[in-house]
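K.L.:
Below you'll find the structure I mean.
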Amino acid sequence: VIDKPAGLTVHPCPSCPQGTLVHRLLHHFPDLEGEGERPGIVHRLDKDTSGLLLIARTEKCRLRLAAQFAGREVDKAYAALAHGTPRPPVGEINAPLARHPVNKTRMAVQPGGREAVTRYRTVHADPSGRFSLLDVHILTGRTHQIRVHLAHLGHPLWGDRAYGGKGRLPAPGEAANSREPENGRFVAARQMLHARHLAFRHPETGEDM
């Protein structure tokens, strides 16, 4: 289990053929087993999301761990800094996701999309209503799921400009201002999302980890 820094792409793709996490893994573990350009990769985090990522050293372990993810047996929790304060403070977002009909690099809530379920709990809410720290659990693992669901709720992640987030925090009392404040305090160069918790079974011993 590694703590992936923000800014690191997990595996090679057309826009990032070099310098990925997979390249670093192969440098440290030349015997890493797997097929194609994703050896050891069980699941993914977005490039600008930080936090816990599970890597399998053998293809046998990768397949067993992947089956746990597919069977929704892995508990995944995230810390998220969102715009505003959700109401109610605890809730579930059950909204299907599919590729955006116009911008194919983005996802969107769309009828007929793949099932996606996100649960959130407000850990701290700014008294001025500008931001909230959320504890987020996902029951499914869709691309950009937390980012899209929170934006759909009206509370995009700070720094997530692809889905309506801003980077500068307005002064108290300016929460309703939809403009990005020019003189606000800069708080987010990227989406404020961190994978903080993973719970799974060891692929060989069955031990709870």
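The values are calculated or read from the model by the stated rules, or taken from the named source; none is laboratory data. Worth saying up front: this structure is predicted, and the values here are computed from it rather than measured. Every residue, glycine among them, receives a Cβ derived from its backbone with ideal geometry; neighbour counts consider all protein chains shown. For the accessible areas, the whole protein counts, side chains as well, though only heavy atoms, and no ligand, DNA or RNA atoms are used. Shrake-Rupley method; radii C 1.70, N 1.55, O 1.52, S 1.80 Å.
K.L.:
For a test of the definition: using alpha carbon positions, the gyration tensor, and the 1.5 limit on a/c, classify region 73-187 as rounded, prolate or oblate.
P.N.:
Judged from the Cα gyration tensor, region 73-187 comes out oblate (a/c at least 1.5, b/c at or above a/b).
K.L.:
Simple spin-label model, 7 Å along Cα-to-Cβ: Thr140 to Ser128 in nm?
P.N.:
Label-label distance for Thr140 and Ser128, simple model: 3.7 nm.
K.L.:
Please work out how much accessible surface Arg147 shows to a 1.4 Å probe, ignoring ligands, DNA and RNA, in Å² rounded to 10.
P.N.:
Roughly 20 Å² of Arg147 is accessible to a 1.4 Å probe.
K.L.:
I would also like to ask the following. ³J(HN,Hα) across region 199-209 via Karplus (A = 6.51, B = -1.76, C = 1.60, θ = phi - 60°), whole Hz, x for Gly/Pro?
P.N.:
10, 7, 9, 4, x, 10, 9, x, 5, 6, 10
K.L.:
At 1.4 Å probe size, what's the solvent-accessible area of Cys61? Round to the nearest 10 Å².
P.N.:
20
K.L.:
If you don't mind, there's one more thing I want to ask. Starting at the first residue of region 115-129, write each ³J(HN,Hα) from the Karplus equation 6.51 cos²θ - 1.76 cosθ + 1.60 with θ = phi - 60°, in whole Hz, x for Gly and Pro.
P.N.:
Taking θ as phi minus 60°, the curve returns 4, 8, 10, 10, 10, 9, 9, 6, 8, 8, 10, 4, x, 7, x Hz for region 115-129.
K.L.:
Please report the net charge: other residues with Cβ closer than 14 Å to the Cβ of Tyr120, K and R +1, D and E -1.
P.N.:
Values: positive: Lys76, Arg87, Arg119, Arg121, Arg147, Arg196; negative: Glu92, Asp135.
Net charge in that neighbourhood comes out at +4.
K.L.:
Sticking with this one: Identify which of His43, His28, His100 has the largest mean-square fluctuation in a Gaussian network model of the chain, with springs joining Cα atoms closer than 10 Å.
P.N.:
His28
K.L.:
Can you tell me the relative contact order of region 39-172? Whole percent, Cα pairs under 8 Å, sequence separation 6 or more.
P.N.:
Reported as a whole number, the value is 22 percent.
K.L.:
R0 = 35 Å: FRET efficiency of Arg196 with Phe29, Cβ-based, nearest 0.05?
P.N.:
0.90
K.L.:
In terms of the Cα gyration tensor, with a ≥ b ≥ c the square roots of its eigenvalues, is the chain rounded because a/c is under 1.5, prolate because a/b exceeds b/c, or oblate?
P.N.:
Note, shape of the chain comes out prolate.
K.L.:
Tell me the net charge near Leu97. Cut-off is 11 Å between Cβ atoms, Leu97 excluded, with +1 for each Lys or Arg and -1 for each Asp or Glu.
P.N.:
Here the charged neighbours net out to +4.
K.L.:
How much length would be gained if the chain were fully extended between Thr58 and Arg121, taking 0.36 nm per residue of separation minus their Cα-Cα distance, in nm to one decimal? Let's see the in-between values first.
P.N.:
Details: separation 63, 0.36 × 63 = 22.68 nm, distance 3.60 nm.
Net length gain for the segment: 19.1 nm.
K.L.:
Classify region 124-209 from the C-alpha gyration tensor, please: rounded if a/c falls under 1.5, else prolate or oblate depending on whether a/b exceeds b/c.
P.N.:
On the way: a/c = 2.85, a/b = 2.46, b/c = 1.16.
Prolate, because a/c is 1.5 or more and a/b exceeds b/c.
K.L.:
Which net charge results for the neighbourhood of Trp158, defined as the other residues with beta-carbon distances under 14 angstrom from its beta-carbon, given Lys and Arg at +1 and Asp and Glu at -1?
P.N.:
Numbers: positive: Arg130, Arg147, Arg161, Lys166, Arg168, Arg185, Arg190; negative: Asp48, Asp126, Asp160, Glu180.
Local net charge: +3.
K.L.:
Counting only the heavy atoms of the protein chains, how much of Leu26 is accessible to a 1.4 Å probe, in Å² to the nearest 10?
P.N.:
The accessible area comes out at roughly 70 Å².
K.L.:
Further question: Quick one: accessible area per residue over region 33-79, 1.4 Å probe, rounded to a whole number of Å²? Before the final figure, lay out the partial values.
P.N.:
Details: 2340 Å² over 47 residues.
Each residue of region 33-79 exposes 50 Å² on average to a 1.4 Å probe.
K.L.:
Given the C-alpha centroids of region 96-142 and region 1-79, what is the distance between them in whole angstrom?
P.N.:
When both Cα centres are located, 22 Å separates them.
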